[in-house]
Amino acid sequence: MKERMKKITSLVCVTVLTAALVSGCGSASSAAAVSSAAPSTASTTAVSSAASTTAASSAASTTAASSAAASTTAASTTAASTAAASSKPANVMSDEEITKKAAKDKKVGNWGLGNEYEVQALLSKYSLPTTYLSQAFDMDGFDDDSITLASAMTYNELGLVKNSYQGGYKYGNKVGTIDMNDQGVAMLEDNIFCTKDFASKNPNTVKAFLYASMEGWKYACEHPDEAAQICFKYGSSVSADHQKYMAGEVKKLVETNTKGNAVSDLGNMDETAMQQTLDLAKKYIKLDDSAAETKLQAMTLDDVRDASYLKAATASSDGKFGTLEKSSVSIQLKWLPQAQFMGYFVAKEKGYYNAAGLDVKIVAGGGDISETTAVNNGTVDFGVTWVSNLISANAGGMKLTELAQTFQRSGLVLVYKYSNFSK
């Protein structure tokens, strides 16, 4: 029991509570979760946060290094993917066969809080029912085989499944994954957003915030180990070892797109990837309110994002945008402090926000008020959410706009044990 509780405490699911999906939407219902496949005790994970700041340091010299780092990362990511594919035992089924077997056995799992749509799209791709098991925030269901094809974020649950550090399940190279990007069903996740009204009334503040945030992300991706230490300092709820693993995996999501190519312009809102996310949202998000459903189906990318602020921010050489309309701002994360959000903690720690004339408060997510609701009602100025959550919120009546797309590819995979899928 003691070891089990260590796993539960260490495993911090990146998805938010149900409010993140249904706020402002009346109610959003996923396609029938079949049954609970694992204990739900992990939902009691405590919320904690901390904040501090240090003196500003120069960011101007990081641009060229970031571009080179992104190219190197993409190349190494592609090589790693190829190596992973070739290391799959010859006696293990294909991805399609694995998906069909797990679906037939009714052992496909997901949390059902915002990225189940990718799983449903994968099931539809192979002409399968789109039902899935309700997966708990630990990986015990995967461990005991009540879920044989389990949802995992590459930077979080997958690391715990494979690694042997505190909270890990120690499977090592005995597991494989089905990647949503490779399957062509990826939906974009972490972004920066605010209300359309806030952006229009505070354009200089928005540009300054984006400029400093992107500087933070550049530094974090160039120095992931240091970024992990910074996140741990700011009150991380996961171990230092897992934080380090997480930072390395988040770097890949920031610097590599859904096709496996390098991304040097951090925060870019790729039109193709955004459109695919919206198209899948329209197909799989189900809203109880008929007016919200109608609005969802009529939605275009112009209803979701505004690229003009990021364009202006990244065109600046010094991060100066004139008089700031508001100098003290806040951003609410999608979950607890961890390397998933390392760019913001680095921007604060390294003084990038201060250099831009901003005093930034970073607010932990995962509480009673979702990030979309908190931004919409003015509790905070900016938020980090998934594109699908923002789409649902706007369909339900909110007027939010994406400002930058931090993660350039989906971090969702389905993990399985080789031993369960032998030919």
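All of the numbers you see were taken from the coordinates with simple rules; none came from a lab. None of these values were measured; they are calculated from a predicted model. So basically every Cβ, Gly included, is an ideal-geometry build from the backbone, and we count neighbours across all protein chains shown.
The distance linking segment 263-282 with segment 147-213 is 14 Å (Cα centroid to Cα centroid, whole angstrom). Computed 3J(HN,Hα) for segment 315-332, one whole-Hz value per residue from the Karplus formula 6.51 cos²θ - 1.76 cosθ + 1.60 where θ = phi - 60°, is 7, 6, 9, 10, x, 9, 10, x, 5, 7, 5, 8, 9, 10, 10, 9, 9, 9, glycine and proline marked x. Cross-link check: pairs K283/K361; K170/K252; K233/K283; K233/K282; K282/K348; K88/K282 evaluated at a Cα-Cα cut-off of 31 Å; pairs beyond the cut-off: K283/K361; K233/K283; K233/K282; K282/K348; K88/K282. Extension gain, A291 to K361, is 21.6 nm, computed as 0.36 nm per intervening residue step minus the present C-alpha separation. Extending 7 Å from the Cα toward the beta-carbon at both S164 and K88 defines two label points whose distance is 2.6 nm.
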